[in-house]
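Undergrad: Please find one structure pasted underneath; my questions will follow.
Here, each number is a calculation from the coordinates, and none is a lab measurement. All values reported here derive from a predicted model rather than from experimental measurement. Here the Cβ is made from the backbone with ideal geometry for all residues, glycine too, and neighbour counts use every protein chain on show.
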Amino acid sequence: MDTPQKPTVAMVGLTERERESAAAVASLAGVGVVPEGAAPDLVIAGEGAPRAPGSPVPRVSVGPRGQLRLPKDEAVLMRVLVSLALRRASRGLRLLVAGWHGGVGTTALCRALAFSASCPLIDASGHAPGVLRPSDGRAPGVRWADLDAAEAVFLPALASQLPSIRSSPVLAGDRRGCADAADPRLGPVLSALEGAGAARAVVDCGRWDARALRAAQGVGDALVLVGWGDAASALALALDLRRTPVPIPALTLHRRARPDPGLREEAPGPCARYARAGRVWRLVERTLDVAAR
């Protein structure tokens, strides 16, 4: 078994005192420091430090108007870096679910998958309340609107602050806020939940489009595509995949007992009929096993 490499941080735009403080904390946490231009797991940035557009690397800001002040908040930085090391050692399975058209039960499948595994459920469909239903009651807890859009790192304690539905932590939209699959907070949220011990997580990406593609490229391990499976939907899938090809192992689920033959030709991976959550999980695991060979 390979020993996981230790995580790394880069420091950008820090003062001398801030850099010394951050480096000392990183050393104690067992986290390496790499030069600018490398590919770190986290960037510790001073005020005014430039940020690469669209960069998926989490970022912690330091300074009077930042998230941390150094020297002062070493204990907070230590928790962030320890969490980073824990996540590197115990990355969970991140399952994305998307429909290539609407009305096929994508959200219902997401709920069933998460609840059957008692794992986190994240709504990144861009709609609210999304995965939450009236039957869930008021469901007190953190929503997307409560998470700062500029925040790049969340602590594992986030898991205990989310609404719990059938033993699954649920992050959804409402209170005038939601998130789509391209939201930069999605990766840090998943990492925080893994830091709290989540071995799996289900993400409702809504429709398969450029936003869902970005999630697949940045944070996903496997994808379940959901659609009707008739001739029209098989053609729609083919067109979608021309624009947004799937970059990760994928399972295609159809609702028809006898899908159009063209569906299997166009699907980016194995096809199966829409089924109960337990069977879908087994099919996902089989898809990952085949992809790993």
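Undergrad: With the radius of gyration and the Kirkwood radius both derived from the Cα set of the stretch 93-292, what is their ratio Rg to Rh?
TA: Here the Rg-to-Rh quotient is 0.96.
Undergrad: Evaluated at 20 °C with a viscosity of 1.002 mPa s, what Stokes-Einstein diffusion coefficient in µm²/s does the stretch 132-179 have when Rh comes from the Kirkwood expression over alpha-carbon pairs?
TA: 188
Undergrad: On a C-alpha basis, how far is the centre of the stretch 101-154 from the centre of the stretch 236-293 in Å? Whole number, if you could?
TA: Centre-to-centre distance over Cα atoms comes out at 23 Å.
Undergrad: Also, I was wondering about something else. Counting only helical runs of four or more DSSP H residues, what would the 222 nm mean residue ellipticity of the chain come to if each run contributes -39,500 (n - 2.57) and the total is spread over all its residues?
TA: On the way: 9 runs with 100 residues, N = 293.
It lands at -10500 deg cm²/dmol.
Undergrad: Name the trypsin sites (Lys or Arg not before Pro) in the stretch 137-233 that are in a loop by DSSP and that have at most 13 other C-beta atoms within 10 Å, would you?
TA: Those that pass, being in a loop and sparsely packed, are R138, R166, R175, R176.
Undergrad: Are there any GluC sites (Glu not before Pro) in the stretch 1-82 that are in a DSSP loop and have at most 12 other Cβ atoms within 10 Å? List them by number.
TA: Those satisfying the criteria are E36.
Undergrad: Which whole-number percent gives the relative contact order of the chain, counting Cα pairs below 8 Å spaced six or more residues apart?
TA: 18
Undergrad: Restricting to the stretch 93-292, compute how many DSSP beta bridges are antiparallel as a %, nearest 5.
TA: So the antiparallel bridges in the stretch 93-292 amount to around 10 percent.
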